[in-house]
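First up is the structure itself, then whatever we jot down about it.
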Amino acid sequence: MKQAEKVQRQFNQQAERFATWEVTGNEVNLHQFSRFCKLQADDRVLEAACGTGHMVNYCAPSVASVDGVDIAERMIALAQVEAERRQVGNVRFSVGPVESLPFADGGHTVVMSRAAFHHFADPRKVIDEMLRCCCSGGRLFIQDIIGYGDPEIDAYVEELEIAIDNSHARTLQRDEFTELFTEVGLGGIHGVEFRIRLDLVNYVGHAVQSEEMQTEVEILIEKGLGDAKLSSVFEQHDGRLFLLRNVLFLGGRKDDANRPEEGAQRPRILRLKLSEPSNHPLP
């Protein structure tokens, strides 16, 4: 089965769980990413892989228009229900693959994707499509988890992620994201990296697993907790087990020539020690 088909099937199955999951709908995170993107009242926003529309519906009141695209029709149906509940009239939702976005060239001033790139078989193809839809002088933004620096730890958590959600493809490293932005010629590349704590019971519960995969998840967690090195990705508080993950907000500007200028500034990534960027000035 192709990766896109796997994502479509999995997210149609878990759409209701995803719609109520405290991570994707977290108001602090939505506010911080919106603030990082410096959204303006005249912005025409496009979110690729918008899921159940948390970001689309959140930023709609503060911009001119928002388009949301996702491959899973059940996710889009729930996003539309929420838009109607909020009575936002400047949003449009479409069903389709992000590798072939249903929009004309340069029609949006802001193109973003949130918590989705780890599901893509070909991240560069998605970046190219996002860039195509972005107007000259527009901005492109990504939010996603990033890989661990240690290869052994990273391989272990990738195995765990796939057991939790079999539509997981691969978590990119921070430098892979910045290289993608550099390769397509984005200017003014900047970002914020910070750590989050994911309640493991809640994290496992947001996705749908077969009985076989549920057993695999349990085995992998037990393996990690029993290993001195691998256990560094977990924390326990008040009887609850948390998975530690680093998250990256990354942005760049589409210049007229879509090529980096001679001697262009290297990507600026601010690494926070905070578990959330809630009270820190964002670049």
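Any chance you could give the angle, 0 to 90 degrees and rounded to 10, that helix 73-86 forms with the longest Cα principal axis of the chain? Once rounded, the angle reads 70 degrees. Going by alpha carbons, how many degrees (0 to 90, nearest 10) lie between the helix axis of 174-183 and the longest principal axis of the chain? Between helix and principal axis, roughly 20 degrees.
Excluding same-chain neighbours fewer than eight residues apart, the lysines reachable from K2 by a Cα-Cα span under 27 Å are K125. For L78, the solvent-accessible surface with a 1.4 Å probe is about 40 Å², rounded to the nearest 10. Apolar share of the accessible surface for the chain: 48 percent from carbon plus sulfur atoms, 1.4 Å probe. Restricting to Cα atoms and excluding each atom paired with itself, what does the Kirkwood estimate give for the chain in Å? It is 19.3 Å. For the pair R86 and L270, a Förster radius of 45 Å applied to the C-beta separation gives a FRET efficiency near 0.90, rounded to the nearest 0.05. Within region 67-103, name every residue whose backbone N is under 19 Å away from a label modeled 7 Å from Cα of M1 along the Cβ vector. Correct set: 70-76, 96-99.
In order along region 143-155, the phi-based Karplus estimate (6.51 cos²θ - 1.76 cosθ + 1.60, θ = phi - 60°) of 3J(HN,Hα) comes to 10, 6, 5, 10, x, 7, x, 7, x, 5, 5, 4, 5 Hz; Gly and Pro are listed as x. Within the straight-line cut-off of under 16 Å between alpha carbons, the aspartates and glutamates reachable from K38 are E47, sequence neighbours fewer than 8 places apart in one chain being disregarded.
Go ahead and set up a Gaussian network model of the chain, Cα springs under 10 Å, then flag whichever of A41, A60, A116 fluctuates most. Maximum among the listed residues: A41. To the nearest 10, the accessible area of T24 is 10 Å² with a 1.4 Å probe. Its DSSP H runs of at least 4 residues, each contributing -39,500 (n - 2.57), put the calculated 222 nm mean residue ellipticity of the chain at -11000 deg cm²/dmol, to the nearest 500. The angle between the Cα long axis of helix 27-36 and the main principal axis of the chain comes to about 40°, on a 0 to 90 degree scale.
The values are calculated or read from the model by the stated rules, or taken from the named source; none is laboratory data. Source: prediction; values computed, not measured. Note that we place each Cβ from the backbone using ideal geometry, even for glycine, and neighbour counts take in every protein chain shown. These accessible areas exclude ligands, DNA and RNA; they are computed on the full protein's heavy atoms, side chains included. Shrake-Rupley method; radii C 1.70, N 1.55, O 1.52, S 1.80 Å.
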